[in-house]
1. Scan the stretch A:89-108 for residues that are at the interface with chain B (Cβ under 8 Å from one of its Cβ atoms) and either open to solvent by less than 10 Å² (accessible area, probe 1.4 Å) or out of contact with any strand residue (DSSP E or B) (no Cβ under 6 Å at 6 or more places or on another chain) (or both) and jot them down.
2. Based on this model, can you work out whether B:ASP175 counts as in contact (Cβ under 8 Å) with a residue 40 or more places away in the chain and either of a type outside the set (Lys, Arg) or open to solvent by 50 Å² or more (accessible area, probe 1.4 Å) (or both)?
3. Just to be sure, is B:MET220 surrounded by 12 or more Cβ atoms within 10 Å (Cβ to Cβ) and not assigned by TED's automatic domain parsing to the domain that holds B:GLY44?
4. Going by what's in this entry, would A:VAL101 be described as over 19 Å from the mean Cα position of the chain (by Cα) and either at pLDDT 90 or above or more than 25 Å from B:LEU204 (Cα to Cα) (or both)?
5. Within the stretch A:194-210, track down each residue that is under 19 Å from A:THR171 (Cα atoms) and open to solvent by 10 Å² or more (accessible area, probe 1.4 Å).
6. For B:ILE167, state whether it is more than 14 Å from chain A (Cβ to nearest Cβ), within 21 Å of the chain's Cα centre (by Cα), of a type outside the set (S, T, N, Q) and farther than 23 Å from B:VAL67 by Cα.
7. All but one of (1) open to solvent by 10 Å² or more (accessible area, probe 1.4 Å); (2) within 14 Å of chain B (Cβ to nearest Cβ); (3) free of Cβ contacts under 8 Å to residues at least 60 places away in the same chain hold for A:GLU120; state the number of the condition that does not hold.
8. Pull out all pairs, ordered by first then second residue, where Cβ-Cβ is under 7 Å, the residues are six or more apart or on different chains, the first lies in the stretch A:148-171 and is at positive phi, and the second is part of a helix (DSSP H, G or I) and open to solvent by 10 Å² or more (accessible area, probe 1.4 Å).
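The values are calculated or read from the model by the stated rules, or taken from the named source; none is laboratory data. Note that this is a predicted model, so its numbers are computed, not measured. Cβ atoms come from the backbone with ideal geometry, glycine included; neighbour counts cover every protein chain shown. The area values use the complete protein model at the heavy-atom level, side chains included, leaving out ligands, DNA and RNA. Shrake-Rupley method; radii C 1.70, N 1.55, O 1.52, S 1.80 Å.
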Amino acid sequence: MSIIVNHVSYSYNPGTPMESKALKDINIVINDGEFLGLIGHTGSGKSTLVQHLNGLIKPTSGEIYYNGKDISDSDFSLKKLRGDVGLVFQYPEHQLFGEDVFSDVCFGPLNKGLSKKDAELKAFAALKQVGIEDEYFYQSPFDLSGGQKRRVAIAGVLAMEPDVLVLDEPTAGLDPAGRDEILEILNNIRKERGCSIVLVSHSMEDVADHADRIVVMNKGSIIFDDVPREVFKHARELDEIGLSVPEVTKAMVRLRKEGFDVDTDVINISEAVETISKCFGI
Amino acid sequence: MLRDITLGQYYPVESPIHRLDPRVKLFGTLIFLVSLFITDNFIGYIPAMIFLIIAIRLSKVPLKYIVKGMRAIVFLLILSVVCNLFLSQGEVIWSFRKLNITKEGIRTAGFMAIRLSFLIVGSSIMTLTTTPNNLTDGMEKGLGFLKVIKVPVHEIAMMMSIALRFIPILTEEADKIMKAQMARGAEFESKSLVKKVKSLVPVLVPLFVSAFRRANDLAMAMEARCYRGGDGRTKMKPLKYKKNDAMAYLAIFMYLSVIIAVRIIF
């Protein structure tokens, strides 16, 4: 179930003075079961790129292959693709419309052509997975808290049981606890369902811990595509484009400078604890 | 999708028309619209067309862009042509069962088609070359004399500029919501009308919610900056007439006299 993005370019408003090139010759492969972090500054083209993955935007040039088939072929079913590649937009809670939480989550599976009963089963499982309790099922989605709304909206896509789950800044505007909650949920989803996850973010912290691979974008181009540890070695280049390495990596680099013998290629707290303990011989 | 609506969207280029005072453009547009209704024969449309072509040329907005915006009214245009063609009384030249095409019908149909398209092109040149802010500034200043009879000119202008400002925001929002629902398998291109209307519910509900949220936020932000209406408010960039504006007024009056002359002579 892989997605191949082959030499894709995209311009907004082509042929007018407002023309802007959002993507320039993008090549990525998204493998089965992979957790991919897509990082970039505001306006780097990451949101535009993910909308290509389920055919919402057609590339100006280049092709996208899903399981070896070109998605712009006339006999390719975009409707099926959108069930297979689930896309959660930025601030997904702004798209809730149902009279109650449960019927809103059922919208996706029903569109997929499932029977009412099957759709409800999937909605139930999805809501459970994002940690929404039964007591909220028949409340209006507009009465929930911000974090709950977002989880319901994610459940709305999850209920379609996609093979690839793409999330555009799912942690934007949440407090640290809400952020950790969402990231934890994503990790569980991946473990339990075995689907690939593409997580779009502008924060390295979001992806450092969970992602298998990080793709860094700047001004519509990909500049790094590697495992997190390798990407974070480019601290200076990342800094120049307004991104930064995780705080713990920064702290280790600083300690090294001050003369402590610690590893600088750590990417999370537990690794940092390990190398600091080693340095002090504990 | 919705981005294709260009009718009334500002087109950012440098041109003599763009630099004109908004009051001149408002006045010019008004005169142009009036002139279209003064004219009662085809000859009168020749100066109107020349005026329009000169304005388009000077504005540096590509004709293609203007025509693209016209697509929204094609249906209206066809409807008016068809109605005029078949429903006018007069000398019959072709008939099919109960439908008659008359000589007068052809004339009115052509007349209305030209009038309608000139109307749209004329007014879209104004909005294409003037930012919404400038436009309402011009309106506020130009209609300032109405304050004497207690018309809340500033408030009306403010409401207009907010409404205009929200058009692109809300179309963008609608576009985003439509895409998000499409990502959940929604389809908007249904043949049956009932299904089509039903399919809009998942777009309209979030759109209304978002409009209310934005209105609320805006009101709060204005309140926080002590906005309390037009009395005693000054402008950062007050409108001032320049030499070009005088020339434009001259051109507008000349155009109007030509139109009146044509009407009297022919």
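1. Matches in the stretch A:89-108: A:PRO92, A:HIS94, A:GLN95, A:LEU96, A:PHE97, A:PHE107, A:GLY108.
2. Here the answer is yes, as B:ASP175 does meet what is asked.
3. No, not satisfied.
4. yes
5. A:HIS202, A:SER203, A:GLU205, A:ASP209, A:HIS210
6. No; evaluated as a whole, the condition is false for this residue.
7. It is condition (2) that A:GLU120 fails.
8. So the pair list comes out as A:GLU161/A:LYS122.
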